1. Quick one: divide the alpha-carbon radius of gyration of segment 77-118 by 2.2 N^0.38 Å and tell me what you get.
2. If contacts are Cα pairs under 8 angstrom and at least 6 residues apart, what is the relative contact order of the chain in percent?
3. What's the extension gain from Ala140 to Arg35 if we count 0.36 nm per residue and subtract their Cα-Cα distance?
4. Given N residues in the chain, what is its alpha carbon radius of gyration divided by 2.2 N^0.38 Å?
5. Taking springs between alpha-carbon atoms closer than 10 angstrom, which of Val81, Val217, Val227 fluctuates most in the Gaussian network model of the chain?
6. Go ahead and run the numbers for FRET between Ala200 and Met234, Cβ-Cβ distance against an R0 of 25 Å, rounding to 0.05.
7. Counting heavy atoms of the protein chains only and a 1.4 Å probe, report the per residue accessible area for segment 4-234 as a whole number of Å².
8. Over the chain, with every protein chain in place, what whole percent of the accessible area is carbon and sulfur at 1.4 Å, could you tell me?
Amino acid sequence: MTKTVFITGATSGFGDATARRFDREGWQTIISGRRTERLDALKAELTNPSHAITLDVTDRASVEAAFAGLPAEFQPIDVLVNNAGLAVGLEGADAVALEDWELMVDTNIKGLLYCTRTALPMMVAAGGGHVINLGSVAGAYPYPGGNVYGATKAFVHQFTLNLRADLVAKNIGATDIAPGLADTEFSTVRFKGDKSKADAVYDGIKPITADDVADAVFWAATRPKNVNINSIEMMAGCQAFNPFQVVKG
Ligand code: NDP
Ligand code: 8X3
């Protein structure tokens, strides 16, 4: 039977690669994001049925309308990939714009909650499903300037585990995919469009690719039902941990 995946933030990076990966494996895709022209271009390249929804996940009413308006042939949703998210800025906590913090909380936490809470009753009614959330290594390991971004991803990790606790009897899986340094538009967004600053992050290294992450998402989504992957943490081969800071004097 044809399976269906709903992906938020499919206009770029991991979401785009994930849509292409599921499509290659014969799944139907529901692709969403704010940039309609990118959704249209992606949809044109997918080979299986795809439904594109221009959607800002921070807008609760739009999220509810998007799920309520799904065409019958795209229901039920087998897998929801809560991928839409962003980091804004790398300023220290005493200097950052509060609006940047609010945008990360609204997108990475509240947007993910709106999509999850709206999708779950549909999955329960269908007898099962799987929620895959994009966390980050920033949710486990602190770094200067990671402040609220990392905290939102720590939320994603714990929420995913708690989802599983609520949903185990309802045949609904939950997985946190937590990548490290990966070359997407992530840094361009973090540096507010400063492409040269963003490019410098990936200059001279081999970061994780969007396809690597799509692999992990697809693998987690397709384990047999006697297995739930709680979380996958993955770092670039060139990335590891810093020593603790010790300030003298
Ligand atoms: P990109 O910037 O390439 O993609 C982000 C996607 O999120 C875009 O499709 C964007 O679409 C979408 N998005 C952002 N805000 C909203 C919103 N309000 N409503 C709907 N969609 C939105 O970055 P990545 O692919 O790297 O990031 C995907 C996820 O992975 C994020 O949650 C990020 O935090 C996480 N991550 C990224 C890592 C990295 O190093 N790249 C590492 C670990 C985790 P549009 O602008 O069209 O709305
Ligand atoms: C993005 C990974 O290490 O840039 O979530 O914070 S990192």
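The values are calculated or read from the model by the stated rules, or taken from the named source; none is laboratory data. Only a predicted model underlies this, so the values are computations on that prediction, with no experimental measurement involved. When we count neighbours, we look across all protein chains shown, and the Cβ atoms used for this are built from the backbone with ideal geometry, even at glycine. Just so you know, the surface numbers come from the protein's heavy atoms only, side chains and all, with ligands and any DNA or RNA stripped out. Shrake-Rupley method; radii C 1.70, N 1.55, O 1.52, S 1.80 Å.
1. Values: Rg = 12.9 Å, N = 42, 2.2 N^0.38 = 9.1 Å.
That ratio works out to 1.41.
2. Values: 470 pairs, mean separation 47.7, N = 249.
The normalised contact order for the chain reaches 19 percent.
3. In short, 34.8 nm is gained.
4. So the chain has a normalised radius of gyration of 0.99.
5. The residue with the greatest mean-square fluctuation here is Val227.
6. Taking R0 as 25 Å, the efficiency between Ala200 and Met234 is 0.65.
7. In whole numbers, segment 4-234 has 45 Å² accessible per residue.
8. Of the solvent-accessible surface of the chain, carbon and sulfur hold 53 percent.
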